[in-house]
Every structure is written in structure tokens, then in C-alpha cells.
Amino acid sequence: MSDLRKTVGSLDNLVAFEAAARHGNFTRAARELLVAQPAVSRRVQLLEQSLGTDLFERNGTRIRLTAAGNQFQSVVTTAFRSIEQAARTLPRDDDGIVSLRVNVAAASLWLMPALGAFYASFPDIRLHLVCIDELPEFGGGNFDLEIRFGVGPWPGWDSYPLLEETVYPVASPEFCRTYSMNQIEEVAKAPLLQLANYTSPLMDWRVWLPPDQKPIVRRFTTYAMVLEAALFGHGVALGWHHYVRDAIDRGTLVRLPIPERTSDYREFLVVRPGASRRFSVERTKNWLLQLSAQDRRKQSNTEPGDEPFSQTA
């Protein structure tokens, strides 16, 4: 190992090179590794310095493997696959059961559509979803992972930001044909759908409306019920972007032309202390983080003209 370190430097350099070579792009490699793009570029440069040869041809933001890079990629890829295969076949105290505590909205509106890919990728992991309606006391319950809403972090627990809070009003197409809602004062004249128990101030219609407005407010105990009521045309809901985007894309909900708002609240992935020592938990954690990264890429690929003015709470 000492000779290998002298030859390639840190093993992180090999990881960065393998990802960049496979993607043919430093930015996509950085997204996979959950680091900044300059970190990948720097790791590759350090590896090239250690090897004494260029592994990539660089033309602006474009990269292409050199002959030496192609040769080295083949060896590194084979070595990584051998290590992965050996790791998978090692005997371990792991029954493959992973418990994930998650609120109903995140489970049904964000996680559920992607679970097919998880089951296909990890047929040996039995994922148990523990769905909750309200935010429980932190640390309570027997779970490996939790998707938890808040501002974080929580001392003694590993937590990773998943979904940032972006909120804007939404309604069904039929409802939008009944009411004119181009200004917040017009929205206040329509029935409003309110989550009864909320954590973020942005989920309170009173934050959005002028103080002199007295709207019709219809209350629901879960956010899933709020969105269901909106789909059936019972009023205007405050749409949490990551949970309503698919409905907007399908045309079953309409995003009103009201400026969106953001806050420091977000969904976090929280890992019970010691749980990540289990290989099945670690793989599930990494998959959820990759799903979150894909979600952020979708949001960043939104056409600039489609994004309304943004306000921060």
C-alpha cells in the first residue's frame, strides 16, 4: 500500500479519475461523488502529477482520455470491480433489512415513484418503510434511516440535506378556470387548503396573504390530504416543489403565477448512530443521496423563463 500511495497519491485520486473517465465529464463525476467540480479536477491533476503523464486532453470544459488514460482506465475499472465483488461476497452480520422512517408526503410523492429502481438495483435489501403523519420526537423509534424535516443538524447524528424547501400556490386546472388568481389578493378570494399542523412558516397561508384578508380556509391533518383536496378542485394549496412537480408536469395541478418562496427548512436524511456500519444501510443511504442529487439536477435544468420571481422567507 505504501508503494501504491507513492505512485498515485491518495486513493481519492483514483476514485475521482474513475468517475471522470466513466462519465467523460468532471461535472457529472462531481455530482456522483457529491463533491464540487473543482475537487474532482484537482484530484485528477494530482494523479497526473504522481504518474508523470496526462490522462485527459482538455479543451475548455471538454475532456477526452489520452492513450495513457484509456490504458489506465481499463486497469482501474477492473480493480474497482474486483474490490466491489469481493466486498459483496464477504460474510457479514447483516440480514439485509433496512428500516426507513418517513412522512407520508415524502413517501408517496417523492420516494414511491423511484422505488422500482431501488428494488432492481438492490434485490438483496428488504426496505421497510415506516410512514408517519406528524414529526415525532427526535431519536424515538427503532429505525436505521429517517427522512426528517427541519433545519438541522442534530448533534450525535449524521444528517445529509436531501430536498430544499421551495413553496408556491397550486390548484387543479378546473379550479383555475373558475377563479382568476394572477395576484395574491385574488388568491385570497378563493377557498384555501391549509395544513393543520406544520413546521415551516411557509406552509401557513397567513404568511402569504395581506393582513386584511379573511379567506375561506379548509383544514386537513396531513399534507397528502391537502394535495388530494387540491387535485379534486376543493381549493388552492401551498405546493412543496419536490412533492407537486410531477403533478404539474402531468397537468393535474397548475402552478399559479405567484412568486415562490424559499426557506432554510429542508428534508434531511438522518442516520441512526452506528447503523451505517451495516452494508445494506450504507447502500440505501447512498442511493437516497443519489436520488436527491438527480432531483436537484432536474430543478436546475428548468428553463429560466419558466421560473418565477423567488422570495426567501
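The values are calculated or read from the model by the stated rules, or taken from the named source; none is laboratory data. Note that this is a predicted model, so its numbers are computed, not measured. When we count neighbours, we look across all protein chains shown, and the Cβ atoms used for this are built from the backbone with ideal geometry, even at glycine. For accessibility, only protein heavy atoms count, side chains too; no ligands or nucleic acids. Shrake-Rupley method; radii C 1.70, N 1.55, O 1.52, S 1.80 Å.
The residues of region 116-126 that are outside any helix (DSSP H, G or I) and touching a residue at least 40 places away in the same chain (Cβ under 8 Å), listed by number, are Phe122, Asp124, Ile125.
The lone criterion from (1) loosely packed, with under 15 Cβ neighbours inside 10 Å; (2) closer than 16 Å to Thr166 by Cβ left unmet by Arg245 is number (1).
Scanning region 1-29 for residues that are closer than 19 Å to Glu57 by Cβ and free of Cβ contacts under 8 Å to residues at least 40 places away in the same chain gives Asn13, Ala16, Ala19, His23, Asn25, Phe26, Thr27, Arg28, Ala29. In the condition set (1) modelled with pLDDT of 95 or more; (2) assigned to a strand (DSSP E or B), Ser159 is compliant with all but (1).
Let me confirm something: among Ala79, Ala105, which residue is under 25 Å from the mean Cα position of the chain (by Cα), of a type in the set (A, V, I, L, M) and open to solvent by less than 90 Å² (accessible area, probe 1.4 Å)?
So the residue among Ala79, Ala105 that is under 25 Å from the mean Cα position of the chain (by Cα), of a type in the set (A, V, I, L, M) and open to solvent by less than 90 Å² (accessible area, probe 1.4 Å) is Ala105.
Residues are listed down the side, and each one gets a yes or a no for (1) within 29 Å of Gln183 (Cβ to Cβ); (2) part of a helix (DSSP H, G or I):
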{"residue": "Glu228", "(1), (2)": "yes, yes"}
{"residue": "Leu238", "(1), (2)": "yes, no"}
{"residue": "Ile258", "(1), (2)": "yes, no"}
{"residue": "Leu269", "(1), (2)": "no, no"}
{"residue": "Glu282", "(1), (2)": "no, yes"}
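Could you grab me the full set of residues in region 21-64 that are among the β-branched types (Val, Ile, Thr) and over 30 Å from the mean Cα position of the chain (by Cα)? Within region 21-64, Thr53 is the sole residue that qualifies.
Sub-8 Å Cβ pairs linking a first residue in region 158-187 that is within 24 Å of Ser263 (Cα to Cα) to a second residue that is open to solvent by 80 Å² or more (accessible area, probe 1.4 Å) and part of a strand (DSSP E or B), at least 6 apart or interchain, are Glu165/Asp264, ordered by first then second residue. Once region 248-278 is narrowed to residues that are more than 22 Å from Ala107 (Cα to Cα) and free of Cβ contacts under 8 Å to residues at least 40 places away in the same chain, the residue that is least open to solvent (accessible area, probe 1.4 Å) is Gly274.
Each row is one residue, and each column tells you yes or no for (1) farther than 27 Å from Val254 by Cα; (2) in contact with a helix residue (DSSP H, G or I) (Cβ under 8 Å, 6 or more places away or on another chain).
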{"residue": "Asn142", "(1), (2)": "yes, no"}
{"residue": "Glu146", "(1), (2)": "yes, no"}
{"residue": "Tyr160", "(1), (2)": "yes, yes"}
{"residue": "Pro169", "(1), (2)": "no, yes"}
{"residue": "Pro201", "(1), (2)": "no, yes"}
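Of all residues in region 182-211, those being open to solvent by 10 Å² or more (accessible area, probe 1.4 Å), hydrophobic (A, V, I, L, M, F, W, C) and part of a loop (DSSP other than H, G, I, E, B) number 2. With respect to the stated conditions, Arg219 is part of a strand (DSSP E or B), without any contact (Cβ under 8 Å) to a residue 60 or more places away in the chain and either open to solvent by 30 Å² or more (accessible area, probe 1.4 Å) or basic (Lys, Arg) (or both).
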